[in-house]
Structures are given as structure tokens and as C-alpha cells.
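S.K.: Mind having a look at this structure? Questions to follow.
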Amino acid sequence: DLEENNMVSVVFGSTEPFTFGVLRYLAEDMNVRHPQDLEERPFNVVSLDYKHMGVGGDDSWSASVHDEFVIKPGKFRFAFVMKGYLGEGYGDMSCEKILTDIS
């Protein structure tokens, strides 16, 4: 539990567009039959997505993704900055993740 004056904030930034998600679960926690069976973790899991491609084209049951939206296999580089703020102080952490073997 965080006290009001000990609030934590995290800011992510990049020169490239990206999407993100925050959950109270790990990916392996999602292997439950019913959503009510999920148990929250005592921490947040942040996922940053540099590229994201759907599984279908105009619908989910036939055509594939249109060629202009297909992410081809290759080597990708995604750099981002993460800043954490705790109360009055803050810390900077630069992060870079190289994604390879996307297929």
C-alpha cells in the first residue's frame, strides 16, 4: 500500500509510436477457465508493443491481413525511455530492447 505523499508514477516515451498495456496478471496467469478465477498479483505488469498485427483482415474468419499491414519477419529495434517518480524525487532509466526473429 502506498501512502498519498509516497505516490509512484512511471512515464514511458519513444520517438516511435507504440502501444502499451498494464495488468495485475502475468501472461501465464491467463490460463484459467473463468475470468473470476484470476488472482491479482501484488504488482503491475507493463507490456510495451512496438509493432502489433491482428490475426485477420477485414474479418476474423477468412482473409489474411492486408499486405500493407503485415509485419514481415526481420530484425527490429525499439528504444524507449522510462522515468519513475517517487514523491518529490525521480529517477531516469533508459532502456533499449532489440527484437529479433519475429516470424
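The values are calculated or read from the model by the stated rules, or taken from the named source; none is laboratory data. Computed from a predicted structure; not experimentally measured. Cβ sites come from the backbone with ideal geometry, for glycine too, and all protein chains shown count toward neighbours. Protein only, heavy atoms only, side chains kept; ligands, DNA and RNA dropped before computing areas. Shrake-Rupley method; radii C 1.70, N 1.55, O 1.52, S 1.80 Å.
S.K.: What number of residues in segment 12-33 are among the hydrophobic types (A, V, I, L, M, F, W, C) and open to solvent by 100 Å² or more (accessible area, probe 1.4 Å)?
M.R.: So the count comes out to 1.
S.K.: Suppose we keep only residues that are surrounded by fewer than 10 Cβ atoms within 10 Å (Cβ to Cβ) and hydroxyl-bearing (Ser, Thr, Tyr) within segment 48-65. Which one would you say is modelled with the highest pLDDT?
M.R.: Step by step, filter segment 48-65, then rank; the result is Ser62.
S.K.: Quick test of your reading of the structure: Ile102 fulfils all but one of (1) in a loop (DSSP other than H, G, I, E, B); (2) of a type outside the set (S, T, N, Q); (3) modelled with pLDDT of 85 or more. Name the failing condition by number.
M.R.: That leaves (3) as the condition not met.
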